[in-house]
Amino acid sequence: MTNDNYTGIKKYAGSEEIKQIFRGIVGDDHAEGYIYSVIVAVSANSRLQQCTPQSIMRSAARAATLGLSCDPALGQAHLVPYKEEATLIPGWRGIRDMAYRTGQIAQINVGYLAEGQEWVEDQLTGDAHIEGLPSSNKPIGYFAYLKTLSGREHSLYMSNEEINDHKEKYAQGYDRANSAWKQEFHKMAKKTVLSQLLKQWAPLDPTGTVVAS
């Protein structure tokens, strides 16, 4: 991507048409700051600079509609290049934050089990706990936990094998060398187990609203 191409993306992002779109989503006071965060994300990713300006800003607008930032430092939402099109992938922090914003969730935790640890779940009640001490830092699986304000607690554990099965079934392009799964497996695994837990017990609707149970 040449500097002229990157300049074209910045010019398009700063156009009055795009500013007006983002004013309608995030408000007059925040629109330009949000657009700047998109430019920051693009400047840090040479492959994203190869995408069309339209796809970049369309994906960013979708993130803004969900109340998520595209700033790479926050990890809420990621603009991911696929050939010449940018797509939106919410990060696990973004999904967590959308759940908290409903005002129905008291606590969320996402993490992993390392070698030497075991996930133990009561088949009758569904209550779970972790046994053992880690013998290394190598993850063998990932868990998510939530507690609602009404006191309900839910958890989910997925082994690395289950994570990979889910990835192969639902993630297009997961085997590309520059895919998020190849470069950020840990983050993608955390997002997967949290998404599956919320889908079962506090599903997200298209606007990002969570209905906790």
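Just name one of 144, 59, 177: the one whose Cα is farthest towards the positive end of the charge dipole of the chain (beta-carbon charges, Lys/Arg +1, Asp/Glu -1).
Positive-end residue among those listed: 59.
Quick one: accessible area per residue over the chain, 1.4 Å probe, rounded to a whole number of Å²? If you can, show how the numbers build up before the last one.
On the way: 11860 Å² over 213 residues.
That works out to 56 Å² for each residue.
Report the net charge of residues surrounding residue 74, where surrounding means a beta-carbon distance below 10 angstrom and charges are Lys +1, Arg +1, Asp -1, Glu -1. List each step's numbers first, then the result.
Details: positive: 93; negative: 71, 97.
Local charge sum for residue 74: -1.
Sort 57-64, 177-184, 127-134 by the packing proxy (mean of other Cβ within 10 Å over each peptide's residues), most packed first.
Values: 57-64: 21.8, 177-184: 14.1, 127-134: 12.1.
Listed from highest to lowest mean packing, they are 57-64, 177-184, 127-134.
Near residue 199, which lysines are there with a Cα under 23 Å away, not counting those fewer than 8 places off in the same chain?
Within reach: 147, 167, 169, 187, 190, 191.
Quick one: divide the alpha-carbon radius of gyration of the chain by 2.2 N^0.38 Å and tell me what you get. Don't jump to the answer; show the numbers that get you there.
On the way: Rg = 19.1 Å, N = 213, 2.2 N^0.38 = 16.9 Å.
For the chain, the normalised Cα radius of gyration comes out at 1.13.
Please report, as a whole percent, how much of the solvent-accessible surface of segment 1-150 comes from carbon and sulfur atoms (probe radius 1.4 Å). Mind showing how you got there, number by number?
Numbers: 3980 of 8190 Å².
The nonpolar share, carbon plus sulfur, comes to 49 percent.
Using alpha carbons only, how many degrees (0 to 90, rounded to 10) separate the axis of helix 92-101 from the longest principal axis of the chain?
80
Residue 51: net charge of surrounding residues, Cβ under 10 Å, Lys/Arg +1, Asp/Glu -1, itself excluded?
On the way: positive: 47, 83; negative: 84, 85.
That works out to 0.
At 1.4 Å probe size, with no ligands or nucleic acids counted, give the accessible surface of residue 65 in Å², nearest ten.
Approximately 80 Å² of residue 65 is accessible to the 1.4 Å probe.
Picking from 109, 87, 132, whose Cα lies most toward the positive end of the charge dipole for the chain (charges on Cβ: Lys, Arg +1; Asp, Glu -1)?
The residue sitting farthest along the positive end of the dipole is 87.
Given +1 on the Cβ of Lys and Arg, -1 on the Cβ of Asp and Glu, and no further charges, what dipole in debye does segment 84-213 carry about its Cα centre, rounded to the nearest 20? Don't jump to the answer; show the numbers that get you there.
On the way: 14 positive and 17 negative charges, 102 e Å.
Approximately 480 debye in magnitude.
About the Cα centre, and with charges only on the beta carbon of Lys, Arg (+1) and Asp, Glu (-1), how big is the dipole of segment 1-98? Nearest 20 debye, please.
It comes to approximately 260 debye.
Can you give the FRET efficiency for residue 4 and residue 165, using 1/(1 + (r/R0)^6), R0 = 35 Å, r = Cβ-Cβ distance, to the nearest 0.05? It would help to have the intermediate numbers written out before the result.
Details: r = 44 Å, r/R0 = 1.26.
In this case the efficiency is close to 0.20.
Between the helical axis of 185-201 and the dominant principal axis of the chain, each derived from Cα atoms, what acute angle in degrees is found, rounded to the nearest 10?
With rounding to tens, the tilt is 70 degrees.
Stick to the Cα atoms of segment 1-96, pair each with every other, and give me the Kirkwood hydrodynamic radius in Å at one decimal. Write down the numbers at each step before the final one.
On the way: mean 1/r = 0.0771 Å⁻¹.
Kirkwood hydrodynamic radius for segment 1-96: 13.0 Å.
For segment 144-186, take the alpha-carbon Rg, divide it by the Kirkwood Rh, and send me Rg/Rh. Could you put the intermediate results ahead of the total?
Numbers: Rg = 14.4 Å, Rh = 12.3 Å.
Reported Rg/Rh, Kirkwood definition of Rh: 1.17.
The values are calculated or read from the model by the stated rules, or taken from the named source; none is laboratory data. Keep in mind it's a predicted model, so treat the numbers as computed, not measured. As a convention, Cβ positions derive from the backbone with ideal geometry for all residues, glycine included, and neighbour counts pool all protein chains shown. Just the protein is used for accessible areas: all its heavy atoms, side chains included, with ligands, DNA and RNA removed. Shrake-Rupley method; radii C 1.70, N 1.55, O 1.52, S 1.80 Å.
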